[in-house]
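Below is one structure, written out as structure tokens, with a few remarks after it.
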Amino acid sequence: RSANIVTFEDPIEYIHHHKFSNVNQRELGHDTDKDLPEVFDKAIRLDPDVLVITNLKDAFMMDTATLAAHKGMLVIVGLSAIDVFSAIEQFVSSLSSDYMRGLFSRSLLGAFSQRLIWSNAKKRMALVWESMLATPRIQKYIRDDKVYFIKSQAPSLRGEYFPMEDSVADAAAV
């Protein structure tokens with residue numbers, strides 16, 4: 001399907017060419033003002049179907065991403081975090097209010113973490129990953145400010161959480 005995609009990148013690492021979708025890439029600070037509220041306000045007026053923000057840095061950007069998702073946009077964000085639990089904890093702790101945490105918990109579809117590691121079996125770099133689906137149980141932990149509890153529940157989250165260890169085992173297999 002075609003979509004209107006707006007990206008905010010810091011920096012732009014890959015140029016996406018229009019094929020089925022319209023892709024508007026913006027480099028923060030280079031193609032945009034330094035006034036982030038105005039930048040994001042203009043972007044939202046473009047009525048994107050997909051909003052991509054790399055390298056989220058502050059509460060304003062976290063709140064903006066949450067509000068965009070709540071309005072029905074698919075929002076893809078990038079964070080520097082060691083795993084999905086840390087990414088969610090980092091995001092939630094940066095939100096400006098309990099109200100925003102509630103919106104985030106209802107808007108979250110999932111979290112994904114990836115790394116490249118050397119695979120001796122394959123003699124090359126291999127992508128390893130983990131993911132967590134935002135099921136009602138996960139959303140409740142976030143809404144109730146019990147993000148720390150999610151990681152301790154990892155063994156019981158089969159079907160909701162796919163651990164990095166499974167992906168590493170696949171990468172090590174011949």
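The table that follows gives values for the structure above.
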item	result
Helices (runs of 4 or more DSSP H) contained entirely in segment 130-172, each with at least 3 residues that are open to solvent by 80 Å² or more (accessible area, probe 1.4 Å)	136-143
Segment 33-55: number of residues that are modelled with pLDDT under 85, crowded, with 17+ Cβ neighbours inside 10 Å and within 20 Å of Ser21 (Cα to Cα)	1
Which numbered condition Leu127 misses (of (1) open to solvent by 70 Å² or more (accessible area, probe 1.4 Å); (2) closer than 26 Å to Phe60 by Cα; (3) within 18 Å of the chain's Cα centre (by Cα))	(2)
Unmet criterion (only one of (1) closer than 22 Å to Thr7 by Cβ; (2) open to solvent by 40 Å² or more (accessible area, probe 1.4 Å); (3) in a strand (DSSP E or B); (4) not polar (S, T, N, Q)) for Arg115	(1)
Residues of segment 56-104 satisfying the condition of being under 12 Å from the mean Cα position of the chain (by Cα), open to solvent by 60 Å² or more (accessible area, probe 1.4 Å) and closer than 20 Å to Pro37 by Cα	Leu74, Ile76
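The values are calculated or read from the model by the stated rules, or taken from the named source; none is laboratory data. The structure displayed is predicted, hence computed values, not measured ones. Glycine also receives a Cβ, built like all others from the backbone with ideal geometry; neighbour counts cover every protein chain displayed. Please note that ligands, DNA and RNA were not included when accessible areas were found on the heavy atoms of the full protein model with its side chains. Shrake-Rupley method; radii C 1.70, N 1.55, O 1.52, S 1.80 Å.
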